[in-house]
Amino acid sequence: MKIAPSMLACDFTRMGEEVRRITRAGADWVHLDVMDGGFVPNISFGPAVIAALRKETDLPFDVHLMIQQPLFYIPHFAKAGADLITFHVESESPVRETLQAIHKAGCRAGLVLKPGTPAQAVKEYLPDCDLVLIMTVEPGFGGQAFMADMMPKVRAIKSWAPQMTVEVDGGINKETIRLCAESGADVAVAGTSVFRAPDAGKMMEELKAAAQL
């Protein structure tokens, strides 16, 4: 199980230092939640902040676009340093065209499902995806409780595309990560549990240990 700490849970007054801290602590990816205040009821940060953070680590940048028109912004996030860009199947942009734009920009591409959206919504697009992200909380705010009833989606994606990387995001801790691993998840986004731990490195080690089957 790879661990992708979510910068949404970091200290925004020390973002560069926080990226360096989780890099030293053994993070696999850096998860960057981009919110526009329209698609979800929160606003976070955009390409300029990501470009600034790109200078602080060599870890892959996992950019999760929670925005209404992701297609328009793909070149901007690719230029800022994204390695992987995911966007919501529920967004207003044409799905296949947006996936193609991400690949054309030189990034890996993925789709995201809100809790209320069935796995079937991404099935036809799986051949064009590198990753599917299953939200295990309602997108928009960190610190929410894990939704165990999202695990059938993980299992469905894996049954349709066994080699597909499946990521889970929301309420990840030492208890919930094992359930995610048992369902077939490959990457876990961990925000509050990592950034608020006394020792981020130890927490990530414990998360990975808990995910071992």
(1) under 28 Å from Glu124 (Cα atoms); (2) in contact (Cβ under 8 Å) with a residue 40 or more places away in the chain; (3) open to solvent by 10 Å² or more (accessible area, probe 1.4 Å) all hold for Gly16 apart from (1)
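Which count do you get for residues in the range 12-27 that are out of contact with any Asp or Glu (no Cβ under 9 Å at 6 or more places or on another chain), closer than 21 Å to Pro60 by Cβ and not hydrophobic (A, V, I, L, M, F, W, C)?
Within the range 12-27, residues that are out of contact with any Asp or Glu (no Cβ under 9 Å at 6 or more places or on another chain), closer than 21 Å to Pro60 by Cβ and not hydrophobic (A, V, I, L, M, F, W, C) number 2.
Just to verify a result, which residue in the range 100-112, among those that are out of contact with any Leu (no Cβ under 8 Å at 6 or more places or on another chain) and of a type in the set (Gly, Ala, Ser), is surrounded by the fewest Cβ atoms within 10 Å (Cβ to Cβ)?
We begin by selecting, within the range 100-112, every residue out of contact with any Leu (no Cβ under 8 Å at 6 or more places or on another chain); these are 100, 102-106.
Filter once more, so that each one left must be of a type in the set (Gly, Ala, Ser): 105-106.
On the way: Ala105: 16, Gly106: 10.
Restricting to residues being out of contact with any Leu (no Cβ under 8 Å at 6 or more places or on another chain) and of a type in the set (Gly, Ala, Ser), the top hit is Gly106.
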The residue that is farthest from Val49 (Cα to Cα), considering only those in the range 83-99 that are out of contact with any helix residue (DSSP H, G or I) (no Cβ under 7 Å at 6 or more places or on another chain) and buried (at least 21 other Cβ atoms within 10 Å of the Cβ), is Val95
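Being over 14 Å from the mean Cα position of the chain (by Cα) and crowded, with 16+ Cβ neighbours inside 10 Å is the filter here; which residues of the range 27-50 pass it?
Step one: of the range 27-50, the residues over 14 Å from the mean Cα position of the chain (by Cα) are 36-50.
Across the range 27-50, the qualifying residues are Asp36, Phe39, Val40, Ser44, Phe45, Gly46, Pro47, Val49, Ile50.
Condition check: closer than 19 Å to Gly140 by Cα, out of contact with any Leu (no Cβ under 8 Å at 6 or more places or on another chain) and either of a type in the set (Val, Ile, Thr) or open to solvent by less than 10 Å² (accessible area, probe 1.4 Å) (or both). Does Val63 satisfy that?
Numbers: closer than 19 Å to Gly140 by Cα: yes; out of contact with any Leu (no Cβ under 8 Å at 6 or more places or on another chain): no; either of a type in the set (Val, Ile, Thr) or open to solvent by less than 10 Å² (accessible area, probe 1.4 Å) (or both): yes.
Considered against the rule, which asks whether it is closer than 19 Å to Gly140 by Cα, out of contact with any Leu (no Cβ under 8 Å at 6 or more places or on another chain) and either of a type in the set (Val, Ile, Thr) or open to solvent by less than 10 Å² (accessible area, probe 1.4 Å) (or both), Val63 comes out as no.
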Residue pairs within 6 Å by beta carbon, gap of at least six or interchain, first lying in the range 200-213 and of a type in the set (A, V, I, L, M), second assigned to a helix (DSSP H, G or I) and modelled with pLDDT under 95, listed first then second, are none
Of (1) part of a helix (DSSP H, G or I); (2) within 28 Å of Glu182 (Cα to Cα); (3) small (Gly, Ala, Ser), Gly110 fails just (1)
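Looking at the range 102-128, which of its residues are within 20 Å of Phe39 (Cα to Cα) and of a type outside the set (Val, Ile, Thr)? Break it down stepwise before answering.
Taking the range 102-128 as the starting set, the residues that turn out to be within 20 Å of Phe39 (Cα to Cα) are 102, 109-119, 121-122.
Result: Ala109, Gly110, Leu111, Leu113, Lys114, Pro115, Gly116, Pro118, Ala119, Ala121.
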Cβ pairs under 6 Å, 6+ apart or interchain, first in the range 113-129 and without any contact (Cβ under 8 Å) to a residue 60 or more places away in the chain, second assigned to a loop (DSSP other than H, G, I, E, B) and open to solvent by less than 40 Å² (accessible area, probe 1.4 Å), ordered by first then second residue, are Ala121/Val89; Val122/Val89; Leu126/Ala161
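The values are calculated or read from the model by the stated rules, or taken from the named source; none is laboratory data. These numbers were taken from a predicted model, which means no experiment stands behind them. Because the Cβ atoms are built from the backbone with ideal geometry, glycine has one as well, and the counts that use them run over all protein chains shown. Areas reflect the complete protein model, heavy atoms only, side chains present, ligands, DNA and RNA absent. Shrake-Rupley method; radii C 1.70, N 1.55, O 1.52, S 1.80 Å.
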